Amino acid sequence: MNIILLGPPGAGKGTQSARLVEKYGMRQLSTGDMLRAAVKAQTPVGMKAKAVMDRGELVSDEIVSELIDAELAAMSAETGAIFDGYPRTEAQAESLDSLLAKHGRNLDHVIELAVNEDALVERITGRFTCVNCGTGYHDKFAQPKVEGVCDNCGSTEFKRRPDDNEETVRTRMAEYRAKTAPILPVYESRGIVSRVDGMAGIDEVTAGLGNLLG
Ligand code: AMP
């Protein structure tokens, strides 16, 4: 099974992808995570992408499609893929079609996490993760049980994404509206789009995805 999770920043794509990975043994292909890893490792791609990401704009279609190509090439054909944060433009959607064909895969579902944009700024600017295990938290909605200590691994180090500030978030949302939302009709015409209410609680959203994916 190969699926795209679509939705503006903060819709819950990363959170839900992690759950699908656990439940179905699929692989999460997050171009945002790949780019952040490249920035951290100071690779040529990372050095090019950093300033663009800090502004909340989109990096080039070629860069992200090459990252996805490399990941698909390294995956076993039996492992399903969750595309998280990709494709984000019409050109990327076209590249994905070619890449799926090249790697012998079909696109089964495009799932839109439908959210109220007004709530997203608060969701995003409050989020932080454990440096050690990556568990996600939120200042208002999901504090660790013991303040300053990760519930999952006990680490006391947390981090925030540099692009999770209000100004950048607004640019990221504008990019989503202008460049990413227009790719939905292409998939609608193929009859593979479903919607899940991304404003529901995390477990409810997971249940909604489970109903769709079986
Ligand atoms: P994300 O983690 O998906 O929110 O992505 C963080 C940032 O990485 C975005 O604001 C973009 O600058 C960049 N990025 C991630 N995925 C893509 C993509 N598919 N196309 C272009 N830029 C991307």
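The values are calculated or read from the model by the stated rules, or taken from the named source; none is laboratory data. Here the structure is a predicted model, which is why all the values come from computation and not from measurement. Note that each Cβ is placed from the backbone with ideal geometry, even for glycine, and that neighbours are counted across all protein chains shown.
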Counted residues in the stretch 97-106 being surrounded by 13 or more Cβ atoms within 10 Å (Cβ to Cβ) and in contact (Cβ under 8 Å) with a residue 60 or more places away in the chain come to 2
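Looking only at the stretch 1-36, which residues are of a type in the set (A, V, I, L, M, F, W, C), assigned to a helix (DSSP H, G or I) and within 11 Å of the ligand (Cβ to nearest atom)?
Answer for the stretch 1-36, where residues must be of a type in the set (A, V, I, L, M, F, W, C), assigned to a helix (DSSP H, G or I) and within 11 Å of the ligand (Cβ to nearest atom): 34, 35.
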Only one of these is modelled with pLDDT of 95 or more, of a type in the set (A, V, I, L, M) and farther than 30 Å from residue 54 by Cβ: 209, 213, 184. Name it. 209
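Looking only at residues in the stretch 47-89 that are among the aliphatic types (A, V, I, L, M) and either touching a residue at least 40 places away in the same chain (Cβ under 8 Å) or under 22 Å from residue 185 (Cα atoms) (or both), which one is surrounded by the fewest Cβ atoms within 10 Å (Cβ to Cβ)? Quick ask: steps written out before the conclusion?
Residues of the stretch 47-89 that are among the aliphatic types (A, V, I, L, M), as a first pass: 47, 49, 51-53, 58-59, 63-64, 67-68, 70, 72-75, 77, 81-82.
Filter once more, so that each one left must be either touching a residue at least 40 places away in the same chain (Cβ under 8 Å) or under 22 Å from residue 185 (Cα atoms) (or both): 53, 58, 64, 72, 75, 81-82.
Working: 53: 21, 58: 22, 64: 26, 72: 22, 75: 15, 81: 21, 82: 23.
Only one residue fits best here, namely 75.
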Given (1) at pLDDT 95 or above; (2) in contact with a Gly (Cβ under 8 Å, 6 or more places away or on another chain), number of the condition residue 12 does not satisfy: (1)
Can you name the number of the only condition in (1) of a type in the set (A, V, I, L, M); (2) within 13 Å of the ligand (Cβ to nearest atom); (3) surrounded by fewer than 16 Cβ atoms within 10 Å (Cβ to Cβ) that residue 41 fails? (2)
For residues in the stretch 163-198 being charged (D, E, K, R) and over 19 Å from residue 93 (Cβ atoms), which is farthest from the ligand (Cβ to nearest atom)? 197
Could you grab the pairs with beta carbons closer than 7 Å, sequence gap of 6+ or different chains, first residue in the stretch 107-136 and closer than 15 Å to residue 172 by Cβ, second one assigned to a loop (DSSP other than H, G, I, E, B) and of a type in the set (Asp, Glu)? 124/164; 125/164; 127/164
